[in-house]
Amino acid sequence: LCAFYKGVDAKGEFVTTYPSLEKLGFKDVQSLLKRGQKRYNIYCAPCHSETGDGLGHVAERGFKNVMALNLPVDKGPGYYYSKIIQEGGVMPSYAYQIKVRDRWAIVAYLKVLRDAAKDPEYKTLKSYKVVIKPLTAKKDA
């Protein structure tokens, strides 16, 4: 239960896996990611931008030290989840604003942003639109 609500295990270590889709109330990964994208754009993009580069509208207006979330370093889902619920640095806690299932959806969507940042066009377009591509099942050879 601790991992589900706090993003850490019983030892206080950040979890490295996500709760099941069933536990989060999503029918598939696509719906999880789409929900994450919507919630991210509402709660996170004003500071971090829709692409996660840390240059959202708040940063454009002079607010310093907004963390880029699209860096290739993946600190694990528990780390990002805990950042949403814990006040730290310049970011307030969003524990009361964002529901548990939506926090996990946002964390899953951050992986999409990190993957999008690897696209060369991402760095050249001012308004790169992150698109959640349909997932296809791998066929055994």
Discussion item. Output wanted: per-residue J couplings in Hz (rounded whole) for region 27-34, from phi through Karplus 6.51 cos²θ - 1.76 cosθ + 1.60, θ = phi - 60°, x for Gly and Pro.
Written reply: 7, 7, 5, 4, 5, 4, 5, 5
Worksheet item: Each residue of region 79-89 in turn: what ³J(HN,Hα) in whole Hz from Karplus with 6.51, -1.76, 1.60 and θ = phi - 60°, glycine and Pro shown as x?
Response: 4, 5, 4, 5, 5, 5, 9, 10, 6, x, x
Discussion item. Run the reach check for residue 118 against aspartates and glutamates, Cα to Cα strictly under 20 Å, same-chain hits fewer than 8 apart removed. What comes back?
Written reply: 50, 53, 74
Worksheet, complete the sentence: Once amide hydrogens are built 1.01 Å from N within the peptide plane, the residues lying 5 or more places from residue 53 or on another chain with amide H under 5 Å from its amide H are 69
Worksheet item: In the structure displayed, which of 11/64; 23/83; 27/83; 23/111; 11/83 lie more than 24 Å apart, Cα to Cα?
Response: 11/64; 27/83
Discussion item. Just want to confirm a number: the relative contact order over the chain, from Cα pairs under 8 angstrom separated by 6+ residues, in percent.
Written reply: 28 percent
Worksheet entry | Sorted largest first, extent of region 1-69 alpha carbons per principal axis (Å) | 39, 31, 14
Discussion item. Give me the percent of accessible area attributable to carbon and sulfur for region 28-98, probe 1.4 angstrom.
Written reply: 56 percent
Item to complete: With N denoting the number of residues in region 1-128, provide Rg(C-alpha) divided by 2.2 N^0.38 Å, to two decimal places.
Response: 1.04
Worksheet item: Calculated from DSSP H runs of 4 or more alone, at -39500 (n - 2.57) each and per residue, what is the 222 nm mean residue ellipticity of the chain, nearest 500?
Response: -12000 deg cm²/dmol
Worksheet item: Which one of 22, 50, 87 has the biggest mean-square fluctuation once the chain is modelled by GNM with Cα springs under 10 Å?
Response: 22
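The values are calculated or read from the model by the stated rules, or taken from the named source; none is laboratory data. This is a predicted model, so every value here is computed, not measured. Just the protein is used for accessible areas: all its heavy atoms, side chains included, with ligands, DNA and RNA removed. Shrake-Rupley method; radii C 1.70, N 1.55, O 1.52, S 1.80 Å.
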